[in-house]
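Worksheet for the structure shown next.
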Amino acid sequence: MKIPFVSFLPMEHELNDDLRAAFGRVFKRSWYIEGAEDRAFEEAFAAFCGTKHCIGVGNGLDALMLALKALGVGAGDEVIIPSNTFIATALAVTYTGAKPVLVEPDIRTFNINPALIEAAVTEKTKAIMPVHLYGQPCDMDPVMEIAEKHSLFVVEDCAQAHGALYKGRKVGTFGIAAGFSFYPGKNLGALGDAGACVTDDKALADKIRALGNYGSDYKYHHIYPGHNSRLDEMQAAFLAAKLPHLDRMNAERRRIAAMYSEGIHNPEVTTPVVMDGCTPVWHIYGIRCAKRDALEKHLNELGIGTNKHYPIPIHLQECYRDLNIPRGALPVAEEISRTELSIPMYYGMKDEEIRYVIDAVNGFRG
């Protein structure tokens, strides 16, 4: 049996008519930037998240960077982020001129460990950027308590967590702002690059929008040295076609994850832990195995696609040598990078495919 790591085909087949209608509507209108589709999607996504404002941007990295810039984060500042995350989280901080400060994760959830955050706060700290990694909500209560105690901004990285819940509340509504990615592989994915910021603060929303539009508040009037990062009409239309189905498709991901968690019983494999009060959306289902590369080879030989998130931690990436963090200094992030293996997780997986993956994992003998 051949099972890809991810496939868009079941979803795209199901939504084929809606997606084609979205394309036709935009093409017929012949308006491709900052139009009716963008505004309609922004309104719908803000309502989905439970926020007052949504600003469409070019991608998830820009969403985080623009939010930080709009908050005044810049040279000389520090932003606390998890040591285990995709590099875009760190790059968003770097692009503001600030320094990313890496805090270790809880190895059970792969998310930032709140118990370690306060020790990383200095007089230069301006913000905390928790990441809801793999669609697993962070433990936000202690994060917000630390931020309030030290008068820090919280900008949530929700790039992988569209619709995830923490104590019954959507992620992206705890901090002053949040950034989302709509990269095609995300739970809510465009047919190209796209992203968005959400916030309840109108002044902040207006500044983010201006910064993403060449720093302009109206045509040819520029109040900031801005960027070109806008959600185009075609991607907004595609996203609007998918959004009404997101909760249902996330529920299916939870069903698949439950089958994995209940069915995988290999003593060499550790499955992810869901903390009390958290409702993940399972963008990624990542297991851990000390013999990860051998397990990956075993699964691949059985026709099962896999991925590794992320095999080189941020502090060991060449582009972050200037952080001067030596190997061994962040052992939890390094342990995850050595042992994590992502197995197939996408809407439309058949039960026999899920069981095939489970049997293959259980059959591994390193």
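The values are calculated or read from the model by the stated rules, or taken from the named source; none is laboratory data. Quick caveat: nothing in here was measured; it's all calculated off a predicted structure. All Cβ positions, even for glycine, are placed from backbone atoms using ideal geometry, and neighbour counts span all protein chains on display. Calculation scope for accessible area: heavy atoms of the full protein, side chains included, ligands and nucleic acids excluded. Shrake-Rupley method; radii C 1.70, N 1.55, O 1.52, S 1.80 Å.
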remark   = By residue number, the members of the range 19-35 that are open to solvent by 60 Å² or more (accessible area, probe 1.4 Å) and either at pLDDT 95 or above or farther than 19 Å from Val198 by Cα (or both) are Arg20, Phe23, Arg25, Phe27, Lys28, Arg29, Ser30, Trp31, Tyr32, Ile33
request  = List the number of the failed condition for Ile304; all other conditions in (1) surrounded by fewer than 20 Cβ atoms within 10 Å (Cβ to Cβ); (2) out of contact with any Leu (no Cβ under 7 Å at 6 or more places or on another chain) hold.
outcome  = (1)
note = Scanning the range 236-276 residue by residue, those surrounded by fewer than 20 Cβ atoms within 10 Å (Cβ to Cβ), in contact with a Pro (Cβ under 9 Å, 6 or more places away or on another chain) and in contact (Cβ under 8 Å) with a residue 40 or more places away in the chain turn out to be Val274, Met275
request  = Give me a count of the residues in the range 50-68 that are crowded, with 24+ Cβ neighbours inside 10 Å and within 16 Å of Phe153 (Cβ to Cβ).
outcome  = 6
key: Selection within the range 129-158 - more than 12 Å from the chain's Cα centre (by Cα) and in a helix (DSSP H, G or I)   = Met140, Asp141, Pro142, Val143, Met144, Glu145, Ile146, Ala147, Glu148, Lys149, His150
query = Counting only residues that are among the aromatic types (Phe, Trp, Tyr) and surrounded by fewer than 14 Cβ atoms within 10 Å (Cβ to Cβ), which one in the range 215-231 is nearest to Val57 (Cα to Cα)?
reply = Tyr218
ask   = Among the residues of the range 308-351, which ones are surrounded by 20 or more Cβ atoms within 10 Å (Cβ to Cβ) and part of a helix (DSSP H, G or I)?
value = Ile314, His315, Ala333, Ile336, Ser337, Thr339
message = Looking at the range 40-59, I want the residues that are touching a residue at least 12 places away in the same chain (Cβ under 8 Å) and have a partner that is acidic (Asp, Glu) with Cβ atoms under 6 Å, at least 6 apart or on another chain. Which pairs are those?
response = Thr51/Asp200; Lys52/Asp200; Cys54/Glu42; Gly56/Asp38; Gly56/Glu42; Asn59/Asp193
inquiry  = Take the conditions part of a helix (DSSP H, G or I), under 24 Å from Leu246 (Cβ atoms) and either among the aliphatic types (A, V, I, L, M) or open to solvent by less than 50 Å² (accessible area, probe 1.4 Å) (or both) and apply them to Ile354. Does it pass?
reply    = yes
request  = Could you tell me whether Ala147 is within 24 Å of Phe45 (Cβ to Cβ), surrounded by 18 or more Cβ atoms within 10 Å (Cβ to Cβ) and modelled with pLDDT of 95 or more?
outcome  = no
request  = Filter the range 115-140 for residues that are of a type in the set (Asp, Glu) and either open to solvent by less than 20 Å² (accessible area, probe 1.4 Å) or touching a residue at least 24 places away in the same chain (Cβ under 8 Å) (or both) and give the result.
outcome  = Glu118, Asp139
task = Considering (1) of a type in the set (A, V, I, L, M, F, W, C); (2) open to solvent by 10 Å² or more (accessible area, probe 1.4 Å); (3) out of contact with any Leu (no Cβ under 6 Å at 6 or more places or on another chain), say which one Val93 fails and leave the rest.
result = (2)
query = Counting only residues that are open to solvent by 20 Å² or more (accessible area, probe 1.4 Å) and farther than 20 Å from Leu243 by Cα, how many does the range 153-184 have?
reply = 4
inquiry  = Quick check on my filter: what residues within the range 174-217 are over 30 Å from Asn307 (Cα atoms) and assigned to a loop (DSSP other than H, G, I, E, B)?
reply    = Phe174, Gly175, Ile176, Asp200, Asp201, Gly212, Tyr214, Gly215
task = Taking only the range 277-301 into account, find how many residues are crowded, with 17+ Cβ neighbours inside 10 Å and part of a loop (DSSP other than H, G, I, E, B).
result = 5
inquiry  = Could you tell me how many of the residues in the range 4-52 are under 30 Å from Asp351 (Cβ atoms) and within 24 Å of the chain's Cα centre (by Cα)?
reply    = 12
